[in-house]
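Notes follow once the structure below has been shown.
Every number in this text was worked out from the coordinates using simple rules, so none of it is lab data. Values in this document were obtained by computation on a predicted structure and should not be read as measured data. Backbone-built Cβ (ideal geometry, glycine too); neighbour counts: all protein chains shown.
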Amino acid sequence: MSTQKATINPSEEIIQIGQSGIVIRFLLTRDDTNGNVSMFEFSVAAGQKLPAPAHQNDAYEEILYGLEGVLTWTVDGTPIEVGSGQALCIPRGTAHRFDNFGSRDAKQLVVISPPIMGPAYFREAAAVIGAATGAPTDRAKMAEVFQRHGMTIIPPRPAP
């Protein structure tokens, strides 16, 4: 039996990723769900591309649900548009990234299971991106952050 008290958004925290137009609103962490899931909203400004490279989740599924606008997720090289009322599960081990190619801001709800990724990942990633101050992000430092939080960066494909 759980000893946790049911509360609304017990881990609410807002994390902005530099000047990228990406804002994370964490709602639940592993501590709030008996170690079962973490959940957050993320908003992506219109026309914004993901400032991090494609990656894979090594030991968890990432479930997305569109709330507003459309994000284009590239999953194993295939673009998939996820709009309002649509859900997508990105299985562990699958290369993925996202972009907002639209003229409208987008917002999605994300559930991570098991909850390996939490707010610490976004805080650390924001710090690495923020430290770049207009220069390219330090790829080695970003890879370390990803690895600590259960992800692996996918090397860029060579140009044909």
Assuming Val37 fulfils every condition listed in (1) in contact with a strand residue (DSSP E or B) (Cβ under 6 Å, 6 or more places away or on another chain); (2) farther than 15 Å from Pro119 by Cα; (3) among the hydrophobic types (A, V, I, L, M, F, W, C) apart from one, which condition is it?
(2)
Neighbours by Cβ (under 7 Å, 6+ apart or cross-chain): first from segment 102-122, closer than 16 Å to Gly35 by Cβ; second hydroxyl-bearing (Ser, Thr, Tyr) and not in a loop (DSSP other than H, G, I, E, B):
Ile112/Ser38; Pro115/Ser38; Met117/Ser38; Gly118/Ser38
Extreme residue, farthest from Tyr60 (Cα to Cα), among residues of segment 77-105 that are over 14 Å from the mean Cα position of the chain (by Cα) and of a type in the set (Asp, Glu)
Asp105
Please go through segment 1-24 and give me each residue that is part of a strand (DSSP E or B) and either touching a helix residue (DSSP H, G or I) at 6+ places or on another chain (Cβ under 8 Å) or surrounded by fewer than 18 Cβ atoms within 10 Å (Cβ to Cβ) (or both), ordered by number.
Glu13, Ile14, Ile15, Gln16, Ile17, Val23, Ile24
Counting only residues that are within 12 Å of the chain's Cα centre (by Cα) and outside any loop (DSSP other than H, G, I, E, B), which one in segment 106-119 is farthest from Ile63 (Cα to Cα)?
Pro119
Neighbours by Cβ (under 7 Å, 6+ apart or cross-chain): first from segment 8-20, within 19 Å of Ala125 (Cα to Cα); second part of a strand (DSSP E or B) and acidic (Asp, Glu)
none
